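The values are calculated or read from the model by the stated rules, or taken from the named source; none is laboratory data. Treat the numbers as computed from the prediction; the structure is a model and nothing was measured. Here the Cβ positions follow ideal geometry from the backbone for every residue, glycine too, while neighbour counts run over all protein chains shown. Calculation scope for accessible area: heavy atoms of the full protein, side chains included, ligands and nucleic acids excluded. Shrake-Rupley method; radii C 1.70, N 1.55, O 1.52, S 1.80 Å.
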Amino acid sequence: MTKEHHGDAPLLPDGSPDGAARSVGAPDGPDSVPLTPQQHSLLRDAIAHPGTGRYVEQLVWRWHGPLDTGRFTRAWQAVFDRERVLRAAFDVRGEPRIVLYENARAEVVRHAAGTVAWDELVERDRLRGFDLGRPGLLRITLVDEPPAPAGPATTRILLTHHHVLLDGWSVVVLLQEFYRAYLAGGELPGGERRPDIRDYTRWLAAQDTGPAREFWSRAMTGTAPALTPVRPGPGTGNSGPGRAAARLCAAEAERLRTWAAGHAATEAGALQAVWAILLYRAGGARGPSPVGFGVAVSGRGIPLDVAERLPGLLMNVLPMTIQVAPAQGVALLLAQLRDLTLDMAAYEWVSLEQIHAWSGRPAAGQLLDSVLVFAHYPRMADGLETALAAQDIRVSPPGAVGAPAAYPVVLLARRDADGGLALTAVHDRGRIADAGQLLSECAWLLRELPRTADDTTVGDILRLLAEQPPVD
């Protein structure tokens, strides 16, 4: 078992200086960069909710075949040595900054089969969180599975990281670097990556926010939209996060993709349309009425060299407001959502806090109560799977566990290894008693849409829901 190690610590979360923190900003001290607007709001929220696991993200996958712990740890250390973002921490004295250290130690822990309960381990590791004032805001836990009568040894891998520093796309980029290092015996040739987090913050600071302000000011005007996907009611009496899961099998997911493509849309667009209809129903309107929800974007469409390979927090949540009416054709709703998505793409680097300020909405008001996250991770680099297989290793694609949401509902969608569409709703049980029925209705509609006629309206879909409620 490889034990926990820490690099030099810039600042403890309570704001007290510790060790190397005293040299921040000094000529011989570590480099630092300002936080992005998005990081500002997330960091503030994370500090306000200690011990809750908020913004602590986890990815899980399986490793089939031999796994050398020492080589595994050396390979992750090589990634830490190359990637400046993995040696970053936050200094929250005065104006918060990201402090970039020269050294940080990768933390890898391995548990023998049968020594830990998986679900308890995952929850405990999430609640452990991170000291945001210390570098190394990513760690890895290995759990061996009991040996099977036939077949290779299998190890379950849990990667935990803090979202204020890294998004899921970044972790998959780092994971591919790790595989290269592991294949090379734990070494990663070459120096530090550039561009890196420093280049991204400079690019962001140089952007003219005028066009973005104009776009979002127009997009967010008008009647306040319906935001909550359940009808208003008394308090639930519950607290803490809840999770619900549903799945479209491979054949159902393929039908949905084919149907959406026939309407010049994607399965993500179909999910947005279904969610918009569920929000409209929950709002109780009878005529045309706006609904609003958040959509996660990768942030990789910006004109910065190799942004798609740059690790950091580029992923963003943008508010989407759309008019929905019973007489509206579902095909038209899909087209409007597609066009709005394309318009928003030019401004995916703007923070939700900035958009709120430009919207003219009350400061205490919400722009959204739910977020749709359709996981699109970078593909495995050419040759990596073959090279791993040559060493009798096979790895499954990583899947997100789902962190406690800062919103009443976060709906995660991803294509799984079998070609199906996996849906997970992470919800605040204090606001929504049971997301299971809501998710069941969402999955049912995604199955039903490919069976509908081309002239099907939103009203037709609402009647389908009322007449034939889906069964979980």
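Does the stretch 238-354 come out rounded, prolate or oblate by the C-alpha gyration tensor, with a ≥ b ≥ c the root eigenvalues, rounded set by a/c under 1.5 and, if not, prolate when a/b is larger than b/c and oblate if not? Write out the running numbers ahead of the final one.
On the way: a/c = 1.42, a/b = 1.35, b/c = 1.05.
Rounded is the answer for the stretch 238-354, as its axis ratio a/c remains below 1.5.
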Notebook entry, point to check: Which shape class, rounded, prolate or oblate, goes with the stretch 45-99 when its Cα gyration tensor gives a ≥ b ≥ c as root eigenvalues, a/c under 1.5 marks rounded, and past that a/b bigger than b/c marks prolate?
Noted result: oblate
Notebook entry, point to check: To the nearest 10 degrees, how steeply does helix 118-128 sit against the main Cα axis of the chain, on a 0 to 90 scale?
Noted result: 80
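Run the dipole for the chain about the Cα centre, Lys and Arg Cβ at +1, Asp and Glu Cβ at -1, nothing else charged, and hand back the magnitude in debye, nearest 20.
Working: 47 positive and 54 negative charges, 76 e Å.
The calculated dipole for the chain is roughly 360 debye.
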Check: Which distance in Å, rounded to a whole number, links the C-alpha centroids of the stretch 397-472 and the stretch 206-224?
Finding: 30
Checklist line | By average C-beta atoms within 10 angstrom, highest first, the peptides 390-400, 307-317 | finding: 307-317, 390-400
Margin query: Please list, in order along the stretch 155-160, the HN-Hα scalar couplings obtained from phi with the Karplus expression 6.51 cos²θ - 1.76 cosθ + 1.60 (θ = phi - 60°), rounded to whole Hz, x for Gly and Pro.
Written below: 10, 8, 10, 10, 10, 10
Next item on the list: Note the angle between two axes, namely the Cα long axis of helix 435-448 and the longest principal axis of the Cα atoms of the chain, as a number of degrees from 0 to 90, rounded to the nearest 10.
Entry: 70
Margin query: Show me, for the stretch 256-261, the HN-Hα J-couplings you get by feeding each phi into the Karplus relation (A = 6.51, B = -1.76, C = 1.60, θ = phi - 60°), rounded to Hz, glycine and proline as x.
Written below: 5, 4, 5, 4, 4, 4
Margin query: Computing the accessible area with a 1.4 Å probe over protein heavy atoms, can you report the carbon and sulfur percentage for the chain?
Written below: 52
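Classify the stretch 44-148 as rounded, prolate or oblate from the Cα gyration tensor: take a ≥ b ≥ c as the square roots of its eigenvalues, call it rounded if a/c is under 1.5, otherwise prolate when a/b beats b/c and oblate if not.
Working: a/c = 3.36, a/b = 1.48, b/c = 2.27.
The shape class here is oblate.
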Next item on the list: Just name one of GLY360, LEU421, LEU165: the one whose Cα is farthest towards the positive end of the charge dipole of the chain (beta-carbon charges, Lys/Arg +1, Asp/Glu -1).
Entry: GLY360
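With only alpha-carbon atoms in the gyration tensor, what are the semi-axes of the equivalent ellipsoid for the chain, in Å, largest first?
Ellipsoid half-lengths, sorted descending, are 38, 28, 21 Å.
At 0.36 nm per residue, minus the direct Cα-Cα distance, what do ARG93 and ALA48 gain on full extension? Give it in nm, one decimal, please.
On the way: separation 45, 0.36 × 45 = 16.20 nm, distance 1.52 nm.
So the extension gain works out to 14.7 nm.
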Next item on the list: Could you pull out every residue, at least 5 positions away or on a different chain, whose amide H is within less than 5 Å of the one on ARG105? Hs are placed 1.01 Å off N in the peptide plane, and Pro or chain starts have none.
Entry: GLY7
Item checked: Distance between the stretch 159-176 and the stretch 117-132 - C-alpha centres, whole angstrom -> 16
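Per residue, how much accessible area does the chain show when a 1.4 Å probe rolls over the protein heavy atoms, in square angstrom? Intermediate values should be presented prior to the final figure.
On the way: 20290 Å² over 472 residues.
In whole numbers, the chain has 43 Å² accessible per residue.
Add +1 for every Lys or Arg and -1 for every Asp or Glu among the other residues with Cβ under 14 Å from the Cβ of SER396, and state the total. Before the final figure, lay out each step's value.
Details: positive: ARG62, ARG156, ARG394, ARG414, ARG415; negative: GLU145, GLU385, ASP416, ASP418.
Summing Lys/Arg as +1 and Asp/Glu as -1 gives +1.
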Check: So what's the angle, to the nearest 10 degrees on a 0 to 90 scale, between helix 168-183 and the longest Cα principal axis of the chain?
Finding: 40
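Place a +1 charge on the Cβ of each Lys and Arg in the stretch 38-128 and a -1 charge on the Cβ of each Asp and Glu, then give the dipole magnitude about the Cα centre in debye, rounded to the nearest 20. Could the numbers behind the result be given before it?
Values: 15 positive and 13 negative charges, 36 e Å.
Taking the Cα centre of the stretch 38-128 as origin, the dipole is about 180 debye.
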Item checked: Relative counts (whole %) of C-alpha pair distances in the stretch 167-305, using bins that are 5 Å wide -> 2, 6, 8, 11, 13, 14, 14, 14, 9, 5, 3, 1, 0
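Leaving ligands and nucleic acids out of the surface, order MET380, MET220 by accessible area at 1.4 Å, largest first. Intermediate values should be presented prior to the final figure.
Values: MET380 60, MET220 5 Å².
Ranking MET380, MET220 by accessible area, largest first, yields MET380, MET220.
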Item checked: Vicinal HN-Hα couplings computed from phi for the stretch 356-371 (Karplus, 6.51 cos²θ - 1.76 cosθ + 1.60; Hz; Gly/Pro x) -> 4, 5, 7, 6, x, 6, x, 4, 7, x, 9, 8, 7, 10, 9, 9
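Only bridges with both residues in the stretch 350-439 count here: give the DSSP antiparallel percent, nearest 5. Mind showing how you got there, number by number?
Details: 7 of 12 bridges.
Approximately 60 percent, going by the DSSP bridge assignments.
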Next item on the list: Taking the dipole about the Cα centre of the stretch 87-204, with the C-beta of Lys and Arg at +1 and of Asp and Glu at -1, give me whichever of TYR179, VAL143, GLY190 is farthest to the positive side.
Entry: GLY190
Next item on the list: Can you tell me the dipole magnitude for the stretch 190-291 around its Cα centre, using point charges on the Cβ only (Lys, Arg +1; Asp, Glu -1), in Debye to the nearest 20?
Entry: 280
